[in-house]
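Written out below as structure tokens is the structure these notes cover.
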Amino acid sequence: MDIMSILIVIGGLVLFETVSSIDNAIINAEVLSTMGEKAKRWFLVWGLLIAVFVVRGLLPWLIVWMATPSLGPVQAFTAMFSSDPIVLEAIERSSPILLIGGGTFLLFLFFHWLFVEHKHYGLRGERFIQSKGVWFYAVISVLLALIVWFTLKTDPMMAFGAVVGSTAFFIVNGFKQNAEVQEKHLGEGHLSDMSKLFYLEVIDATFSIDGVVGAFAFTLLVPLILIGNGIGALVVRELTIGNIDRIRRYPLLKNGAMYSILFLGGIMVLDAFGFHIPSWFSPLITFIVVGFFLYRSVQINRLAESTSE
């Protein structure tokens, strides 16, 4: 991979990590506003180190290890930085399992947002689809059945990978739903700063899973994932500190993140089945989708300003 391709992949990773973590940044800012100065400083310094080096460092290792269990935990860790052809070949052979699991996770994530989650409507049909939210479980059940059916014809381990991806979605989604309940209690001020710090670390780890899984649609080179997601985590912390109100002025950025997740999930599934997707395509589609919804947000703001005058 040449230097231009590396820069494009890292740029796409940074953008994706940032826009997919907007909700995380907003939650962080709201909880931090209820905490003392000492606790705030601890989270913004040590919490950043945990988010970048621990969570976003361990998750890719865990994913590589699960996708290539023959390597073992230690060799899977060294494989992330290895140029050994034998190790790289082992990861390449196991990549369809990783990709189908990650793709299934991302597709489920998108459909949950589309059918169930509260949102600003950015495209026609979104309001109607959300009014039919009860169909979410039917849609993802049929989707999983189709993925498993076709993967069984290719490789039974790919089918298992798809099931693991769906299982991971429900576990992560459960944590997120619990976080929404806990956030209400945090706002009431009944918990200590230590409890809030623990909550922020847990929710940060939960939200980071989306970005780490999606990163494998950009590249299987873990060092690039660590760099891109690490820079993205730094950007999210900067947003947490003082730019949340500015971000809220662009209500459709979340939509851009979720439609990017749809495309990235589709790319991972296609890649798993052997369709060659160029390395530049995932960053390109991410920039296009996020740019489109950023433009739509600007249009909404201009329309609101013109009607208020």
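The values are calculated or read from the model by the stated rules, or taken from the named source; none is laboratory data. These figures come from a predicted structure and were not determined experimentally. Glycine gets a Cβ as well: all are built from the backbone with ideal geometry, and neighbour counts include every protein chain shown. Heads up: the accessible areas ignore ligands, DNA and RNA and are worked out on the full protein's heavy atoms, side chains in. Shrake-Rupley method; radii C 1.70, N 1.55, O 1.52, S 1.80 Å.
Details
- Test: residue in the stretch 121-139 that is more than 15 Å from the chain's Cα centre (by Cα) and within 20 Å of PHE16 (Cβ to Cβ): yes
- The stretch 35-52, residues that are open to solvent by 30 Å² or more (accessible area, probe 1.4 Å), within 28 Å of PHE216 (Cα to Cα) and in contact (Cβ under 8 Å) with a residue 24 or more places away in the chain: LEU44, LEU48, ILE50
One line per residue, one yes/no per condition, for (1) more than 24 Å from LEU32 (Cα to Cα); (2) open to solvent by less than 40 Å² (accessible area, probe 1.4 Å):
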{"residue": "VAL235", "(1), (2)": "no, no"}
{"residue": "LEU253", "(1), (2)": "no, yes"}
{"residue": "GLY266", "(1), (2)": "yes, yes"}
{"residue": "PHE275", "(1), (2)": "yes, no"}
{"residue": "VAL289", "(1), (2)": "yes, yes"}
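Residues are listed down the side, and each one gets a yes or a no for (1) open to solvent by 20 Å² or more (accessible area, probe 1.4 Å); (2) touching a strand residue (DSSP E or B) at 6+ places or on another chain (Cβ under 9 Å); (3) at pLDDT 80 or above; (4) farther than 27 Å from THR286 by Cβ:
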{"residue": "SER5", "(1), (2), (3), (4)": "yes, no, yes, no"}
{"residue": "ILE10", "(1), (2), (3), (4)": "yes, no, yes, no"}
{"residue": "PHE16", "(1), (2), (3), (4)": "no, no, yes, no"}
{"residue": "ILE22", "(1), (2), (3), (4)": "no, no, no, no"}
{"residue": "ARG56", "(1), (2), (3), (4)": "no, no, no, no"}
{"residue": "PRO69", "(1), (2), (3), (4)": "yes, no, no, yes"}
{"residue": "THR78", "(1), (2), (3), (4)": "yes, no, no, yes"}
{"residue": "PHE111", "(1), (2), (3), (4)": "yes, no, yes, no"}
{"residue": "VAL116", "(1), (2), (3), (4)": "yes, no, yes, no"}
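- Only a single criterion out of (1) out of contact with any helix residue (DSSP H, G or I) (no Cβ under 7 Å at 6 or more places or on another chain); (2) without any contact (Cβ under 8 Å) to a residue 24 or more places away in the chain is not satisfied by LEU221, namely (2).
- Note on the stretch 277-287: among residues that are open to solvent by 20 Å² or more (accessible area, probe 1.4 Å) and touching a residue at least 40 places away in the same chain (Cβ under 8 Å), the one that is farthest from HIS120 (Cα to Cα) is SER279.
- Screening ALA205 on (1) out of contact with any Phe, Trp or Tyr (no Cβ under 6 Å at 6 or more places or on another chain); (2) under 29 Å from MET157 (Cβ atoms); (3) crowded, with 17+ Cβ neighbours inside 10 Å; (4) at pLDDT 85 or above shows it passes everything except condition (4).
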